[in-house]
Amino acid sequence: MKTLVEDFFTRHPEIRLAALGAGANESALDLCPFGQKAQFFAAEKHPQLVERYRAANQYAFPGALALPGWVLSDLYLLPGVIGLLMCDARELKPALRKKLDLTAEDEAIAAAYVAAPSVVPGLAIGVSLISLLPAIHAGAWVKTLTIKMMRLNKLRGVAQWANPAVRVHTRMGPLRVVGSVPGTHEFRSKSFVYETDLSDEEAWADAMGRKKEPPPTRKIAATHLDELAVILERAENGERIYVVPPGLDTSGNVLLREE
Ligand SMILES: CC(C)(COP(=O)(O)OP(=O)(O)OC[C@H]1O[C@@H](n2cnc3c(N)ncnc32)[C@H](O)[C@@H]1OP(=O)(O)O)[C@@H](O)C(=O)NCCC(=O)NCCS
């Protein structure tokens, strides 16, 4: 993985790795994930960066999932960390820069990832993935590097079947389908809970590089929610079913493997 990380930052010298969270959390983090140095910003000392993160997040999630300020403070910054890929704002599309009220010289957020620490040691729950710099796999890289900064060996998260983010999530490896989303999530009916095992870093690196992909045994259109609900029920009843890389095909099918 170290080689892949080095290669990414060599190809993209405009991108810098950073972490934003309560100052007290700094010492718990690995701020050199896979050999790449990350700059830590204490949230209480960098209110402008917090504002920029919020603006970037609101741009990426404009509707029902918009981020409330209190969630950002109480649930993102205080208990944890936001992993960031930063760049000069000139790297962003001019219209986006304007929307975010940034000048070309400002520091901008290219991509960001948040996972909420959980009561299970080594496990966190993926909460928010955004990228404003498409086509360079910024989403997959910020997710990988944040997970490593948090020293996780397992991740659970909620994803929408038809969201291209499924392609990003499968860069960490196959997604074991856990079941439907508990509670009153706004997108519950089109979402699923997945789990990624991160304990084998070689397998994780293979997935990042799209190597050794286990073949799917079944494809279901990401919009066929009735069929996918049956998959969720079977997973909840103990069957091992995975969304395998690349997760979604170009026709919009979810790639599943039943074991
Ligand atoms: C999802 C998101 C983070 C991806 O950003 P990114 O990492 O910059 O995306 P990239 O352009 O590098 O593309 C990543 C992958 O998705 C695919 N993809 C991107 N947009 C796509 C689209 N509209 N349709 C199909 N596939 C698409 C790319 O082909 C690429 O696939 P690959 O990994 O197999 O090469 C970004 O689009 C975003 O912020 N979306 C809004 C917020 C969101 O929905 N977050 C996820 C919540 S679970």
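Remarks
- Any chance R16 is farther than 21 Å from A116 by Cα, within 15 Å of the ligand (Cβ to nearest atom) and open to solvent by 70 Å² or more (accessible area, probe 1.4 Å): no
- Among residues that are of a type in the set (G, A, S), more than 14 Å from the ligand (Cβ to nearest atom) and outside the structural domain of V230 (by TED's automatic domain parsing), G83 is not included.
- Of the candidates A221, A205, the single residue that is among the hydrophobic types (A, V, I, L, M, F, W, C), under 22 Å from the mean Cα position of the chain (by Cα) and within 16 Å of the ligand (Cβ to nearest atom) is A205.
- Subset of region 162-176 [open to solvent by 50 Å² or more (accessible area, probe 1.4 Å), touching a residue at least 40 places away in the same chain (Cβ under 8 Å) and near the ligand (Cβ under 7 Å from one of its atoms)]: P164, R167
- Scanning region 83-130 for residues that are charged (D, E, K, R) and part of a helix (DSSP H, G or I) yields a total of 5.
- Meets criteria (farther than 16 Å from I125 by Cβ and either open to solvent by 30 Å² or more (accessible area, probe 1.4 Å) or assigned to a strand (DSSP E or B) (or both)) for R151: no
- The residues in region 11-30 that are within 18 Å of the chain's Cα centre (by Cα) and either in a strand (DSSP E or B) or of a type in the set (A, V, I, L, M, F, W, C) (or both) can be counted, and the count is 8.
- Residue-level analysis places A159 among those that are within 6 Å of the ligand (Cβ to nearest atom), closer than 20 Å to S118 by Cα, of a type outside the set (K, R) and in the same structural domain as G209 (by TED's automatic domain parsing).
- Qualifying residue in region 61-70 (condition: in contact (Cβ under 8 Å) with a residue 60 or more places away in the chain, touching a helix residue (DSSP H, G or I) at 6+ places or on another chain (Cβ under 9 Å) and either part of a loop (DSSP other than H, G, I, E, B) or closer than 21 Å to A124 by Cα (or both)): yes
- Some residue of region 222-242 being in contact (Cβ under 8 Å) with a residue 40 or more places away in the chain, surrounded by 15 or more Cβ atoms within 10 Å (Cβ to Cβ) and polar (S, T, N, Q): no
- Evaluation of E186 against (1) within 15 Å of the ligand (Cβ to nearest atom); (2) without any contact (Cβ under 8 Å) to a residue 12 or more places away in the chain (one fails), failing number: (2)
- Residue that is least open to solvent (accessible area, probe 1.4 Å) [pool: residues in region 40-59 that are farther than 12 Å from I82 by Cα and among the polar types (S, T, N, Q)]: Q58
- From L248, L232, L228, residue being of a type in the set (A, V, I, L, M, F, W, C), outside the structural domain of D7 (by TED's automatic domain parsing) and away from the ligand (no atom under 16 Å from the Cβ): L232
The values are calculated or read from the model by the stated rules, or taken from the named source; none is laboratory data. For clarity, every value in this text was computed on a predicted model and none was experimentally measured. Note: ideal-geometry Cβ built from the backbone for every residue, glycine included; neighbour counts use all protein chains shown. Side chains included, ligands, DNA and RNA excluded: accessible areas come from the protein's heavy atoms. Shrake-Rupley method; radii C 1.70, N 1.55, O 1.52, S 1.80 Å.
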